[in-house]
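Every number in this text was worked out from the coordinates using simple rules, so none of it is lab data. Bear in mind the structure is a predicted one, so any value in this text is a computation, not a measurement. Virtual Cβ from ideal backbone geometry, glycine too; neighbours counted across all protein chains shown.
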Amino acid sequence: MLTVFTETFVKFFFVLTPFFVVSMFLALTVDMPKDKQRKTALRTTFAVIVASFTLFFFGNTLFAIFGITLDAFRIGAGALLFLSAVHLIQGTKTPIKNPDDIEDGDISVVPLAIPVVIGPATIGTLLIMGAQITDTTTRIVSSFGLLAAILTVGCLLLMAPHIQRLIGTIGLSILSKISGLILSALSAQIVFTGIKNFLF
């Protein structure tokens, strides 16, 4: 069970693209007072938890409603995840064109939680990983792994100003590109699994 927890934690940690998220969080909250910035980080983390667990637990139901097979969704979601990885590596993943375009208000749910943290590729990955788990014990352990990954990203958001001072913008960019490389391998595995199961 420790292996399941660790694997789930690592996969979701990188799927959530934490270092890109930190960069976007800093860009969108640059003019906020420190207390409001912390509150925004906490609200974003809570919103991500709610959205992630909804997708994680109700994947099978959605597949049944729309008549989509798990393997077909694996191929589609894996392709999206690969595109997300390419954008991270190239430094072109920009769901928000200009932070100044966002009206003054609560940005914790939109755009921070969705689509910055939980974009199309992340949604697909959550649905797949949740749908392919049938054992109750494994599902519970995986849920804790997912929660730990989200809380870790939340902690990074809380420490975002300190992280920026420590490693700088260039450091965040390098870590984002490394995350992209790991995501590309994960996406390839998801696609290959889907193709293999679909054909055989």
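Taking each full run of DSSP H in the chain as one helix, which ones are at least 24 Å long along their axis (Cα atoms) and have mean Kyte-Doolittle hydropathy of at least 1.0?
Helix filter hits for the chain: 70-90, 136-158, 160-199.
What does the charge count near Gly171 come to, summing +1 for each Lys or Arg and -1 for each Asp or Glu among other residues with Cβ under 13 Å from its Cβ?
It works out to a net charge of +2.
Counting helices only, and only those DSSP H runs with n ≥ 4, report the 222 nm mean residue ellipticity of the chain as the sum of -39,500 (n - 2.57) divided by its residues, in deg cm²/dmol to the nearest 500.
-26000 deg cm²/dmol
Give the Rg (one decimal place) followed by the Dmax (whole number) of the chain, computed from C-alpha coordinates and expressed in Å.
Both quantities, over Cα of the chain: 16.9, 57 Å.
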